[in-house]
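Bear in mind that the values in this text are calculations on the coordinates, not laboratory data. What you are looking at is a predicted structure, and each value in this text was computed from that prediction instead of being measured. We place every Cβ from the backbone using ideal geometry, glycine too, and count neighbours over all the protein chains shown.
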Amino acid sequence: MSLWVNVKRVARYGLISFVRNGFVSLTAVLIMTITLFVVAFLMISGAALDATLKQLTEKVDVTVYFTTEATEGEITSMKTAIEALPEVAVVTYISREEALAVFRERHKGDRLTLQALDELGGNPLGASLEIRAKQTSQYESIATFLEAQQKSGGTAASIDKVNFFQNKTAIDRLTNIIETSRRIGIAVALVLGISTILIAFNTIRLAIYTARDEIGVMNIVGAGHWYVRGPFMVAGILYGLVSGLIVLLLLYPLTLWLGPGSERFFGSFNVFTYFIEAFPALFLIIVASGIGLGALSSYLAVRRYLHT
Amino acid sequence: MIYYDKVTKVYNNGVPAVEDITLNIDPGEFVSIVGHSGAGKTTLLKMLFAEVRPTEGTVYFGSREIQHLSGRELLALRRNIGTVFQDFRLIPTKTVYENIAFALEVAGKSEDDIAADVPHVLELVGLADKLWSFPSELSGGEQQRIAIARAIVNQPDVLIADEPTGNLDPVNAHDVVEILKKINDLGTTVFLATHNKAVVDSVGRRVVTMDQGRVVRDDKSGKYML
């Protein structure tokens, strides 16, 4: 007999079992829906946390201010040296003219300051380099490098000041908050994820426990292990598939409703926009988690009652 | 055909369920194993399809030692042994048709063969009209007849019946025994365990009596005597 005939029979019995054991299927689907909802919640909250942390991180930088005498060549060679550091993500050059324009823009309502600036005659502002590190914890080593450069003389002698040390406390605190948030996020995700997976696994195990005599009969009439296990795994896959689809259907109105609130709370993160943009990934992860969890739970639960 | 060679089975409690049993069953025989509860009848039957393995001794099916069969060989053996139990052991979520078809499917039969064989075997046990019923919709006697139909549909060499009338009234018990006799007349070896005197007496074939795990009598054409 062909493998295809066996596969068809196993799939048919799995589907029949899913439909006929309506109450058991309903319970398993409800529990798995909760599990997959937790998975979705962890994904979305993880993305919200990441977006918020990224936004905060982007607000942090180290700025190197040069003296007004510094030449463009000196600044460019310093920029190249800084860019060569592995910790550096991006270096932005702000020329003296740009700095002046920014200053004027910022104080455009302040006539007194602008008058004082005009009375000075020339441009009193030096050029600067805004340095952004890959991680906030790396600012200190960049600042140390700059300090060492400044002390060593040469082109670095034209550095007027490095603003890191003024911002150090704020940057350190932010680094700590980011690290702690990540750790708490991972811990919460692990605890919630493992708990709900165990609950779903046990629900399926109970569902199969009720069918242990059935499995015993299948053993005695000479059914192979995969022929016994197959329909239960198909039913498990159906629990996961149906639950996954329910979760995705519920997430649409829920994120739509939470969208504006989330944007106000997190700054720029809109939970509905994320849901729409990340839908293919969410769909794959939630449905695949459901199917995987259902199939694996059934496989393990049936194994207990299989004996040759 | 079936040979128990000095077989002993000791469970975890340390008490031997069967002890030093030597028994030969020829093809086509109808053997009734009788004895009180706990005499070792079920253990003896379960060793034949390797649900229980002997602590000592060997059980042969033909020339093969059952406890040394590979997983695949054991499944093939089980398809060649029909089993009927006191509690029927039908699959509650399958219809009568599906319960019987399942035994044919695991034996690798095609859908066409299954569609032809299932009604035929149901006719043999007198339940041709119950094809699409679920076990819960049938009486005890009917369920046992379905279990017998499932056990014989693959035309096994041996039919094992462990207290098949234990949950039935005398009329249904009589019907079940008549079906077993008919199956035996068609050439299948029947191995029946029971403590029902009326059943054994009505069969009137070989009777093996067990007591405290040992064979105490073996009568070629015996009656129930304890």
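Counting only residues at least eight positions apart within a chain, or on another chain, the lysines with an alpha carbon under 19 Å from that of A:LYS59 are A:LYS134, A:LYS168. In terms of Cα atoms, the Rg and Dmax of region A:158-308 work out to 24.1, 90 Å.
FRET efficiency for the A:SER77 to A:LEU249 pair, using the beta carbon distance and R₀ = 60 Å, is estimated at 0.50. Which of the chymotrypsin sites (Phe, Trp or Tyr not before Pro) found in region B:127-226 are loop residues per DSSP with 11 or fewer other Cβ atoms within 10 Å of their Cβ? Sparse-neighbourhood loop chymotrypsin sites (Phe, Trp or Tyr not before Pro): B:TRP132.
Given the convex hull over the Cα atoms of chain B, what projected area results after averaging over all orientations, in nm²?
Seen from a random direction, the Cα hull of chain B projects 12.0 nm² on average.
A Cβ-based charge dipole, computed about the Cα centre of region B:111-166 with Lys and Arg at +1 and Asp and Glu at -1, lands at about 200 debye. Output the pairs from B:LYS6/B:LYS41; A:LYS8/B:LYS130; A:LYS79/A:LYS151 with a Cα-Cα distance over 23 Å in this structure; if there are none, say none. Checking Cα-Cα distances, A:LYS8/B:LYS130 exceed 23 Å. Once the trypsin sites (Lys or Arg not before Pro) in DSSP loops with at most 16 neighbouring Cβ atoms within 10 Å are cut out of chain A, the longest remaining piece is A:135-303.
How do B:MET210, B:MET1 line up, fewest other C-beta atoms within 10 Å first?
The order, fewest Cβ neighbours first, is B:MET1, B:MET210.
I need A:LEU30, A:LEU251, A:LEU120, B:LEU74 ordered by Cβ neighbour count within 10 Å, fewest first. With the fewest neighbours first, A:LEU30, A:LEU251, A:LEU120, B:LEU74 line up as A:LEU120, A:LEU30, B:LEU74, A:LEU251. Each part gets one Cα centre, and for region B:50-68 versus region A:192-261 those centres are 39 Å apart. Cα-based values for region A:1-114, radius of gyration first and Dmax second, are 31.6, 95 Å.
Listed by chain and number, the aspartates and glutamates placed with their C-alpha closer than 17 angstrom to that of B:LYS9 are B:GLU19, B:ASP20, B:GLU51, B:GLU56, B:GLU65, B:ASP211; residues fewer than eight positions away on the same chain are left out.
Helix-only mean residue ellipticity at 222 nm, chain A, DSSP H runs n ≥ 4 weighted -39,500 (n - 2.57), per residue, nearest 500. What is it?
Here the helix-only value at 222 nm equals -26000 deg cm²/dmol.
Could you work out how far helix B:170-185 tilts from the main Cα principal axis of chain B, as a 0 to 90 degree angle to the nearest 10? The answer is roughly 80 degrees.
For region B:94-203, applying the loop criterion from DSSP together with a ceiling of 10 other beta carbons within 10 Å to the GluC sites (Glu not before Pro) yields no site. Among the GluC sites (Glu not before Pro) within region A:1-109, those in coil by DSSP and having at most 14 neighbouring Cβ atoms inside 10 Å are A:GLU69. Residue-wise HN-Hα couplings along region B:31-37, as the Karplus relation 6.51 cos²θ - 1.76 cosθ + 1.60 with θ = phi - 60° gives them from phi, are 10, 9, 9, 10, x, 5, 4 Hz; Gly and Pro carry x. Suppose only helical runs count, i.e. DSSP H with n ≥ 4. What mean residue ellipticity at 222 nm does that imply for chain B under -39500 (n - 2.57) per run, divided by all residues and rounded to the nearest 500 deg cm²/dmol? The helix-only estimate for chain B comes to -10000 deg cm²/dmol at 222 nm.
Shape summary of region B:48-181, radius of gyration then Dmax from alpha carbon positions: 15.5, 47 Å. Distance between the C-alpha centres of region A:103-137 and region A:57-87: 17 Å, rounded to the whole angstrom. Counting Cβ atoms of other protein chains within 10 Å of each residue's Cβ and taking the mean over peptide B:91-99 gives 4. Phi angles of region A:250-255 translate, via the Karplus equation with coefficients 6.51, -1.76, 1.60 and θ = phi - 60°, into HN-Hα couplings of 6, 5, 4, x, 5, 6 Hz per residue; Gly and Pro are given as x.
Measuring nothing but alpha carbons in the protein assembly as shown and taking Rh as the Kirkwood radius, the Rg to Rh ratio lands at 1.32. Pairwise Cα distances in region A:64-204 exceed 23 Å for 54 percent of all pairs. Across B:TYR60, B:TYR11, B:TYR97, mean-square fluctuation computed from a Gaussian network of chain B (C-alpha pairs under 10 Å connected) peaks at B:TYR11. For chain B, take the longest principal axis of its alpha carbons; what is the angle in degrees between that and the long axis of helix B:111-124, to the nearest 10 within 0 to 90? Here the helix axis deviates by roughly 70 degrees. The angle separating the long axis of helix A:139-152 from the principal Cα axis of greatest extent in chain A is about 30 degrees. Comparing B:ILE25, B:ILE81, B:ILE148 in a Gaussian network model of chain B where C-alpha atoms under 10 Å apart are linked, the largest mean-square fluctuation is found at B:ILE25. Taking A:LEU112, A:LEU174, A:LEU15 in turn, the Gaussian network model of chain A (Cα-Cα springs below 10 Å) assigns the largest fluctuation to A:LEU112.
Normalised by the number of residues in region B:1-121, the mean separation of alpha-carbon contacts (under 8 Å, six or more apart) gives a relative contact order of 22 percent.
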